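Heads up: the structure comes next, in structure tokens.
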Amino acid sequence: MESALASYPAAPSRRRRFLTLLTASAVACAAAACTLAGPAEAASTQAPTVVAAAAREIYMGQPQLNGDPSVGGLLRADLGGYAPFVIPEGGTPAFTYRWTRDGQTIAGATGSTYRTTQADQGRVVAAFVTVSYDAESKLTLQADYPLRIAAKPRARGFNGDDTLDIFARDAAGRLLLYPTDGRGNWQSAQVLGTGWNIFNLLVSPGDFDGDGTVDVIGRDGQGRLFLYQGNGTGGWKKALQIGQGWQAFKTISAAGDFNGDGTNDLLAVDQWHQAILYPGNGRGGWLQPYGVDTYWINQNPVFTVGHFGGQNKLGIVSRDIYGTLILHESTRNGWFDGHSNAIGWGFSGFTTVNSAGDFNGDNKIDVYSIDTAGQLTMYYGKGSDYLTSGQPSIRWSGQSTVGWGWGSFTSVF
């Protein structure tokens, strides 16, 4: 029995087994640069297990890029058709914004709105909206649609302060400027020049030659078209002829950037009632003209109201023989979108109906009229507010008489 037992190795003692395990643990810890501790100490200092929060699913309507896509205009990144929500539910959404110019982030542009600058002209501006509920749950969407920024429009004014002003020619042929302070108050009138009675038509197209300042165009009795380049401070650079043969047109009006290429255009109506677009080339000249509509019978006057509806569509207004103001809109693709809406009635008794921008400083385009008594009345546009009014045909928030004695002028634009 003893010899049989002697053939098996001796079992290690309990102390020997403990030392073996301790040594193995020490070697493993040394390799891992950890600290060895006894069972009681390990239990008291062991770090709690951290489980990363799982990202939640966020749903949000596609944001929309709206507002006035011209130099000095205010753009908005509007939320889409439905408010964001998250699954599982819980928490309050936070929003951040990023604006880009030709794909490059615009420094400091981090709000829901962005006012464009001269550096944006001809460039494509886009907006990105990020909604987040927590560090792991974020969603970024680009607002539809990126917009090419047009040259400075008529609405930015002539004297460089980016506020509404109105040109007027008196019977002696003097051209005067009536500027405002941007809050519904007139400033002192300024004489811009004499001898302007040689023109039978005057219009301001905004910045037509690409130098960042608002200009004036006149047609003389021979049908020649002249560009008077504004200097941005209420004066002139020089005048130059930019066309001839324009005597056949019934009306010539500013069209803004109608074809979306970043430059301002003119819209002319010929004797056959066809509306013809004369696209500007951004240097005081022209691209190829073409007809955009053939039904402008008895539509006079015709004038631009810019981005009247607060959206990115460009608006042109005409007045028919019944005194109805009709809004024609374009997505700035070089064509009208096929829809027209009556936006005002009873305008047949006015000698002048036109628009020059925002009179009262609410960032919405207004329209003015002059009656036979010489009263100038301002009609305040609602901008995009009409969309939530429940009455889509009503585009106005009110009106007021803001001037007298305007009946003596031979042209107001």
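The values are calculated or read from the model by the stated rules, or taken from the named source; none is laboratory data. Here the structure is a predicted model, which means the values were calculated and not measured. Backbone-built Cβ (ideal geometry, glycine too); neighbour counts: all protein chains shown. Keep in mind that these areas ignore ligands, DNA and RNA; they rest on the heavy atoms of the full protein, side chains included. Shrake-Rupley method; radii C 1.70, N 1.55, O 1.52, S 1.80 Å.
General remarks:
- Heavy-atom accessible surface of the stretch 89-140: percent carbon and sulfur, 1.4 Å: 48
- Per-pair calculated FRET efficiency, R0 = 35 Å: D320 and T140 via Cβ, rounded to 0.05: 0.15
- Between T105 and N197, the modelled label-to-label distance comes to 6.1 nm, taking each label 7 Å out from Cα in the direction of the beta carbon.
- Excluding ligands, DNA and RNA, the accessible surface per residue across the stretch 344-413 is 44 Å² with a 1.4 Å probe.
- Point-charge dipole on Cβ atoms (K/R +1, D/E -1) for the stretch 259-375, about Cα centre, debye to 20: 120
- With the highest mean first, a sort of the peptides 308-314, 396-402, 230-236, 122-128 on other beta-carbon atoms found within 10 angstrom per residue produces 308-314, 122-128, 230-236, 396-402.
- Full-extension gain in nm, T130 to L74, via 0.36 nm per residue minus C-alpha separation: 18.1 nm
- Heavy-atom accessible area order for K152, K238, K250, largest first, 1.4 Å probe: K238, K250, K152
- Extension gain from A83 to T351, taking 0.36 nm per residue of separation minus the Cα-Cα distance: 91.8 nm
- For the chain, the dipole from Cβ point charges (+1 on Lys and Arg, -1 on Asp and Glu) about the Cα centre works out to 820 debye, to the nearest 20.
- Exposed loop sites here are GluC sites (Glu not before Pro) assigned a DSSP state other than H, G, I, E or B and surrounded by at most 15 other beta carbons within 10 Å; excluding them, the longest clear run of the chain is 137-413.
- Accessible carbon and sulfur surface of the stretch 270-405 relative to its total accessible area, %, 1.4 Å: 50
- Rolling a 1.4 Å probe over the protein heavy atoms leaves I87 with an accessible area of roughly 90 Å².
- Compared with the direct C-alpha span, the chain from K250 to W272 gains 7.0 nm at full extension, assuming 0.36 nm per residue.
- Kirkwood Rh in Å, taken over the stretch 255-403 so that all alpha-carbon pairs contribute: 15.9
- Once the Kirkwood radius over Cα pairs is known for the stretch 317-389, the Stokes-Einstein relation at 20 °C and 1.002 mPa s delivers a diffusion coefficient of 158 µm²/s.
- Options V203, T163, A127, ranked by Cα towards positive dipole end of the stretch 75-226, top entry (Cβ charges): V203
- Built from the Cα atoms of the chain, the convex hull projects on average onto 34.5 nm², one quarter of its surface area.
- Test item: Cα-centred dipole of the stretch 120-256, Lys/Arg +1 and Asp/Glu -1 on Cβ, debye: 580
- Remark on the stretch 53-169: hydrodynamic radius 15.8 angstrom, per the Kirkwood mean of 1/r across alpha carbon pairs.
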